[in-house]
Every structure is written in structure tokens, then in C-alpha cells.
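Report on the structure given below.
The values are calculated or read from the model by the stated rules, or taken from the named source; none is laboratory data. Note that the coordinates shown come from a computational prediction; the quantities given were computed from them, not determined experimentally. When we count neighbours, we look across all protein chains shown, and the Cβ atoms used for this are built from the backbone with ideal geometry, even at glycine. Just so you know, the surface numbers come from the protein's heavy atoms only, side chains and all, with ligands and any DNA or RNA stripped out. Shrake-Rupley method; radii C 1.70, N 1.55, O 1.52, S 1.80 Å.
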Amino acid sequence: MSDKILVIGATGNVGRPTVRALRARGQRVKAASRDGRAFDGAEGVSFDYNSPTTFGTALEGVNRVFVLLPAGSVDPLATAMPFIEDAVSRGAKVVFHSVFGVEADNTNPYRQIETALEGSGNPFVILRPNWFADNFHTSWKDAIKQGQIAVPAGDGKSSFIDVRDIADVAANVLASAAFDGQSCNLTGPEAISYDEAAAVLSEVLGHAVRYTPVDDAAFIDLLMNEGVPEDYAEFLATIYYPVRQGWTWMVTSEVERITGRPPHSFRTYALDHAADFVG
Ligand SMILES: NC(=O)c1ccc[n+]([C@@H]2O[C@H](COP(=O)([O-])OP(=O)(O)OC[C@H]3O[C@@H](n4cnc5c(N)ncnc54)[C@H](OP(=O)(O)O)[C@@H]3O)[C@@H](O)[C@H]2O)c1
């Protein structure tokens, strides 16, 4: 019987807590990654978007799929669609991890993936999380250790979301049919600026963290000096435009609607991850 859930990106920031949350709900899970390792009670399976020969084994015995693109995907549509089409043709429900705000732009590749799912005839759920709080202890960890966050966000505010909240939402919409056909804009409980985030981190981590707004060119230089390829550095600079425009400030109640509890605040995120900023 096909009643397993395939989690793509299972070893990543969102995928790993999603696997745990599904296992905690008693679901049978196949954790997909390129090396196919098993963990946290999930079966491991090798999967690579760039190797269509891995799709069949990954989808065997599966009736629901969590689809997440790796960070740094330069062509999301070309990367994801062949796999999504395969999953849909086998009748699977697809839960797609999209990006906050893309519904405003039909030319956005994430929106085009969403549109394909909406027209697929299969059950689907679209999750659109805002900026992750967790970027602070992953992408910006080294800079924060040196006391500085330098991004082209101006004084824009974002309702940063803790990936634990995305994972709990993902697990609930995968485990139940109650949310099928819905698109959910996921945020934390408050919108804060990078200046305010730096003040919280200073207090929680016990050393000064300053926010320095930079322009796109300076940001691209900073990233390239850290070894980020130029095209990806340019892409990363563009995604701060919506922040400067004030388009990431919105706060929704979707996490509470779907999980029955409020999302974690930025302060709680920082307190719970204080040890991850060290070392
Ligand atoms: N950061 C944010 O603020 C933010 C906000 C909204 C949306 N998003 C979206 O969130 C996604 C990133 O999520 P994340 O932070 O959890 O990612 P992540 O930590 O970078 O994890 C990426 C996952 O993808 C897997 N992977 C890498 N290359 C692959 C390939 N060729 N084929 C199959 N799997 C591959 C990795 O597994 P292995 O390496 O083990 O194979 C890993 O499990 C992106 O789509 C991004 O647009 C991010």
C-alpha cells in the first residue's frame, strides 16, 4: 500500500525538522538526499534533481511528497518540474515549499511551479514562508561572531519565521487532507528590522552585534570575497529589494491556524539557538 511521505531536501534546515515532525506524528517517511542516508526513524533514499533515474525509486510506495528546492537553485522551474510531473503522474499529493510574496508576480519561477500544481488535478498545498530567522545562525553566523550584519535591507522589516514552525506546518498539511488546495503565507508573530534583530542578538549572545545597511554592489563584493559565485551573489542581492520596499513586513496567523499554537518569536528563536552562534 502507498502511504509513505517522501521528503525532498530532508537533510537541510527545513527538511530535517520536517522529517522529525512527521515521525512524531507516526507517519512513514522516506528521507531524500543525494547520499540517501537514513535518520530519525525515516528510511533513506538517494535522490538528485539532476538525475531523473533517481526519481522512480524515490517515489516508490509514496502517496505524498514534500518538494523543496535547494538554496542556490538558479533555475527553479527547470530543476523542479520534471520531478513534480513524475510525482503528479503517479497520483501523489504535492506539498510545495515556495517563497513568500511570489503570488504577486506570475513571471516568478516559484509562482509558475505553484500554477502548474494548481492546474494538476492532484491534491496539493503551497507553503510560502517569509525570511527564515534561522539565516542568522546559518548564513550570517560568522559575520555575527565578528559583531556585524551587513545586508542591503535598508530599514525594511520582516516577519522572520523559525524553521521549526515551517516544519510543524509542513507535517500537519502532509499528514492530513484538511488543508488540500490551500496556499499558506507563513510568518513569525512580529515584523522586525535588521537593527531590531541585531539588538535582540546583542542581548541574548552577550556581545555587541551591529546592523550595517549596505548597497547591492557592496553586498555582492562582500559575498564574492567569501567565495560566493558572482551570479548567485547578484541573485542574493535582488531578494532584498522586497525587504526595502516593505513587502516582507506582513504578519499572518497561518502558523497558528494550521498547528494550533502561535509561532516562535525572534527572541525565542535567538534564545533557543544561542549555542549555535558559538564555535
Ligand atoms: N532562507 C530563507 O530565508 C528562505 C525563505 C523562504 C524560502 N526559502 C527557500 O527554502 C529553500 C531552502 O531550504 P533549506 O534552507 O532547508 O535548504 P538547505 O538547508 O540548503 O538544504 C537543501 C537540501 O537540498 C538537498 N539538495 C541539494 N542539492 C540537491 C539536488 N541536486 N537534488 C536533490 N536534493 C538536493 C540537500 O541534501 P544533500 O546535500 O544531503 O543532498 C539538502 O537536504 C529554497 O528553496 C529557498 O528558496 C528560503
Revision key, fill the gap. Within region 105-135, the count of residues that are away from the ligand (no atom under 11 Å from the Cβ), open to solvent by less than 30 Å² (accessible area, probe 1.4 Å), in a helix (DSSP H, G or I) and of a type in the set (A, V, I, L, M) comes to 1
Check your understanding: Based on what the data block shows, is LEU68 open to solvent by 10 Å² or more (accessible area, probe 1.4 Å) and within 16 Å of the chain's Cα centre (by Cα)?
Key -> yes
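Yes/no matrix, rows are residues, columns are (1) outside any helix (DSSP H, G or I); (2) more than 16 Å from PHE96 (Cα to Cα); (3) in contact (Cβ under 8 Å) with a residue 24 or more places away in the chain:
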site: ASN13; (1), (2), (3): yes, no, yes
site: ARG23; (1), (2), (3): no, yes, no
site: GLY26; (1), (2), (3): yes, yes, no
site: GLY36; (1), (2), (3): yes, yes, no
site: GLU43; (1), (2), (3): yes, yes, yes
site: THR54; (1), (2), (3): no, yes, no
site: ARG64; (1), (2), (3): yes, no, yes
site: VAL67; (1), (2), (3): yes, no, yes
site: GLY72; (1), (2), (3): yes, yes, yes
Revision key, fill the gap. Checked region 239-255 for anything among the aliphatic types (A, V, I, L, M) and either in contact with a Leu (Cβ under 7 Å, 6 or more places away or on another chain) or open to solvent by less than 50 Å² (accessible area, probe 1.4 Å) (or both); matches are VAL243, VAL255
Point to revise | Selection status of VAL200, touching an Asp or Glu at 6+ places or on another chain (Cβ under 8 Å) and not small (Gly, Ala, Ser) | key: no
Check your understanding: Could you count how many residues in region 87-104 are over 28 Å from GLY56 (Cβ atoms), more than 10 Å from the ligand (Cβ to nearest atom) and among the β-branched types (Val, Ile, Thr)?
Key -> 0
